[in-house]
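The values are calculated or read from the model by the stated rules, or taken from the named source; none is laboratory data. Please read these numbers as outputs of a predicted model, since none were measured by experiment. A quick note on method: Cβ atoms are made from the backbone with ideal geometry, for glycine too, and the neighbour counts reach across all protein chains shown. Accessible surface areas use protein heavy atoms only, side chains included; no ligands, DNA or RNA. Shrake-Rupley method; radii C 1.70, N 1.55, O 1.52, S 1.80 Å.
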Amino acid sequence: MSENKTVRIIVTRQDRPDSPPYEEEFVIPYRPNMNVISALMEIRRNPVNAKGEKTTPVVWEMNCLEEVCGACSMVINGKARQSCTALIDQLEQPIRLEPMRTFPVIRDLQVDRSRMFDSLKKVKAWIPIDGTYDLGPGPRMPERKRQWAYELSKCMTCGVCLEACPNVNSKSNFIGPAPLSQVRLFNAHPTGAMHKAERLEAIMGDGGLANCGNSQNCVQSCPKGIPLTTSIAALNRAATIQMFRNFFGSDEV
Amino acid sequence: MAQNREFFYRRLHSLLGVIPVGLFLVQHLVVNHFATRGPEAFNRAAHFMENLPFRYFLEIFVIFLPLLFHAIYGLYIAFTAQNNVSRYSYFRNWMFMLQRLSGVITLIFVTWHVWETRVQAAFGAKVNYDMMANIVDNPFMLAFYIVGIVSTVFHFANGLWSFFVSWGITVTPRSQQISTYVTMGIFVALSIVGIRAILAFV
């Protein structure tokens, strides 16, 4: 390995939420086992671009550094993914880093994913267990069901599925695959199922389940391998039944 | 649009595409196929369809109104998508894009086709073998018809695939995979029926 091996990185930068984006190229010294985060840290340590001009350090978000928090998601060489698990050795150079434009850009690679958390509130992605007295242990969950439900619980709200979805954009109000799959997760829980209809009705509203166009990019892109399209199809079935219950009447909650 | 109607409109769009519009398409292609047995056979079949009881009622409620809703709402759906096949070139994403593209081509084709046949018939033109033979006499129109038929049949077959997903019939990846094979089989079969029929007028 040569001493002066380098890594070329082209970052799509943006100074303010309302300012136009521009590209800036960086050439940084190579070290073994680098990932995109350590490359960005190198730029932060010495913020000089490829032309040798001093510039501002690139802004990005990170937290866990082990692909469970979802904060460091960005578009790397055209595909949305986490920068912590994007290894320099496995990427084609120049490495192009862009923010996930589906979300409002705050600065450089940092985006505002609030809409995803708002969607989780909208679909009631929790199990209400609080009360004025101890309700005791909840009902048991069948092991086989727990196994597939566990897969859905791996969602880290990273936003990659929304970025990949052609129906999530400024022209549509589709909430995207991630919050939909959470509805399936919480409806699968024996206590959560007590609010099943409420969650289904939330996703049967505007911008909900029916806006899915089945491009299935989400399931291909999900870093956690969550079966998002299976969730969507399962919810479609539940929504069909709920639709008939709502119209013809039912004693089910 | 009224609040919270989107789910209803989308499901209605999905349903109408299959019943009755899709069924009508299959029926239409089958009747056209009589042309392969000669002009008389086609004229007899067309005449039978023309003389169905409650013709105007059937035309309005089985064809025009559902088709109009499906077409207009479909255009809205197509133009709210931001296609990204260059970044995410997966098979289903291509089908997603082709479904929207074929929908727009089909709308242009069907509009022209209705103008050229049904509207002209209302103005007194006779709908028979000769009418179509005159139209496809022009090689450009023949090509336009072939593209139109293939695009319509694709839109129907692939739409059937998403219908099964949208109504929660095919949930598992395996069932969706088999459904892809079946619906693409329908695409090929109906394309053969449609193209054989149009070539019978040449």
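Centre-to-centre, using Cα atoms only, segment A:33-84 and segment A:173-244 are separated by 32 Å.
Think of the protein assembly as shown as a dipole: +1 on every Lys or Arg Cβ, -1 on every Asp or Glu Cβ, centred on the Cα centre; then among B:HIS155, A:MET194, A:PRO99, A:MET194 lies furthest on the positive end.
Report, in cubic angstrom per residue, the convex hull volume of the C-alpha atoms of segment B:93-183.
Working: hull volume 10.9 nm³, N = 91.
Convex hull volume per residue, Cα atoms: 119 Å³.
I need to check one value: relative contact order of chain A, counting alpha carbon pairs closer than 8 Å and at least 6 residues apart, in percent.
Working: 397 pairs, mean separation 40.5, N = 253.
Relative contact order here is 16 percent.
Across the alpha-carbon set of chain A, the Rg to Rh ratio works out to 1.07, Rh being the Kirkwood radius.
Largest first, the residues A:VAL7, B:VAL85 sort by 1.4 Å accessible area into B:VAL85, A:VAL7. Remark: spin-label model distance A:TRP126-A:THR6 equals 5.1 nm, labels positioned 7 Å along the Cα→Cβ axis. Surface calculation, 1.4 Å probe, protein heavy atoms: B:LEU23 sits at approximately 110 Å² accessible.
Springs join every pair of Cα atoms under 10 Å in this Gaussian network model of chain A, and among A:THR55, A:THR102, A:THR229 the largest mean-square fluctuation is at A:THR55.
With +1 assigned to the C-beta of every Lys and Arg and -1 to the C-beta of every Asp and Glu, and no other charges, what is the dipole magnitude of segment A:161-253 about the Cα centre in debye, to the nearest 20? Before the final figure, lay out the partial values.
Values: 7 positive and 6 negative charges, 42 e Å.
Roughly 200 debye, rounded to the nearest 20.
With all protein chains in place and ligands, DNA and RNA left out, the 1.4 Å accessible area ranks A:CYS69, A:CYS158 as A:CYS69, A:CYS158, largest first.
For segment A:126-253, what % of the accessible area comes from carbon and sulfur atoms, probe 1.4 Å? Could you put the intermediate results ahead of the total?
Details: 3280 of 6060 Å².
The C+S portion of the solvent-accessible surface of segment A:126-253 is 54 percent.
Please state, as a whole number in µm²/s, the translational diffusion coefficient that the Stokes-Einstein equation yields for segment B:30-73 at 25 °C and 0.890 mPa s, with Rh defined as the Kirkwood radius across alpha carbon pairs. Before the final figure, lay out each step's value.
Working: Rh = 11.9 Å.
Result for D is 207 µm²/s.
With R₀ set to 51 Å, the beta-carbon distance separating A:PHE244 from A:GLN93 gives a calculated FRET efficiency near 0.40.
Computed about its Cα centre, the charge dipole of segment A:6-111 is approximately 120 debye, with only Lys, Arg, Asp and Glu carrying charge at their Cβ. Which residues among segment A:64-82 fall inside the zone where the amide N is under 17 Å from a point 7 Å beyond the Cα of A:ARG45, along Cα→Cβ? It comes to no residues whatsoever. Only Cα sites of the protein assembly as shown enter the Debye sum here, all with the same form factor; the resulting log10 I(q)/I(0) across q = 0.11, 0.13 1/Å is -0.96, -1.15, listed in q order. Taking amide H as placed 1.01 Å from N in the peptide plane, A:THR6 has its amide H under 5 Å from the amide H of A:TYR30, each at least 5 places away in sequence or on another chain. At q = 0.16, 0.27 Å⁻¹ the log10 of I(q)/I(0) for segment B:1-70 amounts to -0.66, -1.14, computed by Debye summation with a single uniform scatterer per C-alpha, solvent ignored.
Quick check on my link table: of A:LYS124/A:LYS224; A:LYS171/A:LYS224; A:LYS51/A:LYS224; A:LYS154/A:LYS196; A:LYS79/A:LYS196, which ones sit more than 31 Å apart, alpha carbon to alpha carbon? Provide the component values of the computation, followed by the final result.
Values: A:LYS124/A:LYS224 22 Å; A:LYS171/A:LYS224 28 Å; A:LYS51/A:LYS224 38 Å; A:LYS154/A:LYS196 20 Å; A:LYS79/A:LYS196 34 Å.
Checking Cα-Cα distances, A:LYS51/A:LYS224; A:LYS79/A:LYS196 exceed 31 Å.
At the residue level, A:GLU163 shows approximately 20 square angstrom of accessible surface with a 1.4 angstrom probe and all protein chains present. Running Debye on segment B:6-199 with equal point scatterers at the Cα sites and no solvent, what base-10 log of I(q)/I(0) appears at q = 0.09, 0.13 Å⁻¹? The computed values of log10 I(q)/I(0) come out as -0.36, -0.75. Residues B:VAL193, A:VAL36, sorted by accessible area with the largest first, give B:VAL193, A:VAL36 [1.4 Å probe; ligands and nucleic acids excluded].
If you bin all the Cα-Cα distances of segment A:6-111 at 10 Å, starting from zero, the percentages per bin are 16, 52, 30, 2.
Can you tell me the dipole magnitude for the protein assembly as shown around its Cα centre, using point charges on the Cβ only (Lys, Arg +1; Asp, Glu -1), in Debye to the nearest 20?
Numbers: 44 positive and 34 negative charges, 104 e Å.
The calculated dipole for the protein assembly as shown is roughly 500 debye.
Cysteines in the protein assembly as shown that lack a partner Cβ within the 4.7 Å cut-off: A:CYS72, A:CYS84, A:CYS155, A:CYS158, A:CYS165, A:CYS212, A:CYS222. For segment B:54-112, the Kirkwood hydrodynamic radius comes to 13.0 Å, computed from all pairs of different C-alpha atoms.
If R0 is 56 Å, what FRET efficiency do you get for B:GLN27 and A:TYR22 from their C-beta distance, rounded to 0.05? Result of the calculation: an efficiency of 0.45. Using a Cα-Cα cut-off of under 25 Å, which lysines could be cross-linked to A:LYS54, ignoring same-chain neighbours fewer than 8 residues away? The qualifying lysines are A:LYS5. Annotation: amide H-H contacts under 5 Å for A:ASN35 (H modelled 1.01 Å from N, sequence separation of 5 or more, or interchain): A:ILE88. Pairing chains B and A buries close to 3000 square angstrom of accessible surface in total, based on protein heavy atoms and a 1.4 angstrom probe.
For segment A:53-153, what does the alpha-carbon gyration tensor say about shape, rounded, prolate or oblate, given a ≥ b ≥ c as the root eigenvalues, a/c under 1.5 as rounded, and a/b over b/c as prolate? Prolate, since a/c reaches 1.5 and a/b exceeds b/c.
Taking loop as defined by DSSP and a crowding limit of 15 other beta carbons within 10 Å, which chymotrypsin sites (Phe, Trp or Tyr not before Pro) in segment A:90-146 fit?
Numbers: sites: A:PHE117, A:TRP126, A:TYR133; in loops: A:TRP126, A:TYR133.
Passing both the DSSP loop test and the Cβ count: A:TRP126, A:TYR133.
Take B:TYR76: with every protein chain present and a 1.4 Å probe, its accessible area is about 100 Å².
Based solely on its DSSP helices, what 222 nm [θ] is calculated for the protein assembly as shown when runs of n ≥ 4 H residues each add -39,500 (n - 2.57) and the sum is averaged over all residues, nearest 500 deg cm²/dmol? Numbers along the way, then the final one.
Details: 17 runs with 219 residues, N = 455.
My calculation for the protein assembly as shown gives -15000 deg cm²/dmol from helical runs alone.
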